[in-house]
Amino acid sequence: MNHIWINALVSTLLVSLISITGIFFLTLRAGQLQRFVFILVSLAVGALMGNVFFHLIPESFETIESHGLIAVLILAGILAFFILEKFLNWHHGHDVEHLENHPRSYGYVSLMADGLHNFTDGILIAAGWMAGPEIGMATTLTVILHEIPQEISDFGILIHAGFTARKALWLNFYAALAAVLGTAITLLAGSAIENLSHYVLPVAAGGFIYLAGTDLMPELNKDHSRRNALIQLVMILAGLLLMYLVSGSHAHHHH
């Protein structure tokens, strides 16, 4: 059990450190940054979907006998993420060109939403490592690929909301540490509730499907350039391939 704690917490801290990536993009203009971010978003779409269909769902069929329950839990994950985004003003904008329209108050709202988002990431990472090294590694990679464009965007929101670069960087990092809390709570609950991770995995799959399908893909569809469409497709396939390679030779067996 100790190695699960170590792996999960190290993974979560690594993801949290991504919150400071915004500092490396301060010298880029909005247009340049947007061109860079769309490539990362495309890669994240492939990674999210690849993790769902190569890891989380097959693992769920291994560990949960009721196929109907798996379907319900996946749908529950989709609806849970919908509710979070709908009622808590959780918005993952990746279009940095229009962030200047957000007032300073939105910066604080963004921080609260980002903290909740990171808390959820911590839960997903912990559940992945509880299920096994392969799932843990794949989920960590998926979260990292999604977090890079997300954190760049969050940093941009804080800057355009009126915060200094230094303060925005620290506030973003503090919000990212909520992931550690999510990881710790899930690991503690997992110790008390037998097979908790088995039921969290399909919920996580639903959450990843929601993020890819309603958050990231619509952003990609805003770009109508044929050249960029080809780049998007290549990067999505690269994300899928990455998740497939992470799965290695692991075979999923039916009950």
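The values are calculated or read from the model by the stated rules, or taken from the named source; none is laboratory data. Fair warning: this is a prediction, and the values are worked out from it, not measured in the lab. A quick note on method: Cβ atoms are made from the backbone with ideal geometry, for glycine too, and the neighbour counts reach across all protein chains shown.
One residue is enough: does segment 173-185 have a residue meeting the conditions among the hydroxyl-bearing types (Ser, Thr, Tyr) and at pLDDT 85 or above?
Yes, some residue in segment 173-185 is among the hydroxyl-bearing types (Ser, Thr, Tyr) and at pLDDT 85 or above.
Pick out the one residue from ILE20, ILE39, ILE4 that is farther than 26 Å from LYS167 by Cα, in a helix (DSSP H, G or I) and at pLDDT below 85.
So the residue among ILE20, ILE39, ILE4 that is farther than 26 Å from LYS167 by Cα, in a helix (DSSP H, G or I) and at pLDDT below 85 is ILE39.
Would you call GLY50 part of a helix (DSSP H, G or I) and either at pLDDT 85 or above or more than 26 Å from HIS3 (Cα to Cα) (or both)?
It is true that GLY50 is part of a helix (DSSP H, G or I) and either at pLDDT 85 or above or more than 26 Å from HIS3 (Cα to Cα) (or both).
For segment 179-232, which residues satisfy the criterion of being over 25 Å from ALA76 (Cα atoms), touching a helix residue (DSSP H, G or I) at 6+ places or on another chain (Cβ under 8 Å) and part of a helix (DSSP H, G or I)?
LEU220, ASN228, ILE231, GLN232
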